[in-house]
Amino acid sequence: MATTVLRVRLVGGDRMDITVDEPGISDGDELLEHVISTLAEDSGALRTKHGERLVVLYGRGVAAIEVAPRGAVV
């Protein structure tokens with residue numbers, strides 16, 4: 001199961017860090033492509049977590065997503 005943390009910027013200007021994990025996907029790059037393609041759909045909804053809370057993220061409310069680089073930020 002691949003897991004990644006994304007910083008999502010919402011249309012209203014707020015930002016939040018969410019965790020995405022998909023049981024059927026084992027590669028981080030493939031998971032990112034899954035996230036992008038899901039949010040690009042008109043009715044795209046993605047089940048994620050913010051801390052211990054379940055968050056359903058709808059594509060029409062997302063302005064941008066950022067993926068943190070692996071390793072230390074210099």
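Could you put Met16, Met1 in order, starting from the residue whose Cβ has the fewest other Cβ atoms within 10 Å? Mind dumping the intermediate values first?
Working: Met16 14, Met1 9.
With the fewest neighbours first, Met16, Met1 line up as Met1, Met16.
The ranking of Glu22, Glu66 from fewest to most other beta carbons within 10 Å of each one's beta carbon is Glu66, Glu22.
In sequence order, the stretch 26-42 has phi-based couplings of 10, 10, x, 5, 5, 5, 4, 4, 5, 4, 4, 5, 5, 6, 6, 6, 4 Hz under the Karplus curve 6.51 cos²θ - 1.76 cosθ + 1.60, θ = phi - 60°, and Gly or Pro positions carry x. Annotation: Cα Rg of the chain relative to the compact-globule expectation 2.2 N^0.38 Å equals 1.07.
Bear in mind that the values in this text are calculations on the coordinates, not laboratory data. Just so it is clear, the structure is predicted and the values come from calculations on it, not from any experiment. Cβ sites come from the backbone with ideal geometry, for glycine too, and all protein chains shown count toward neighbours.
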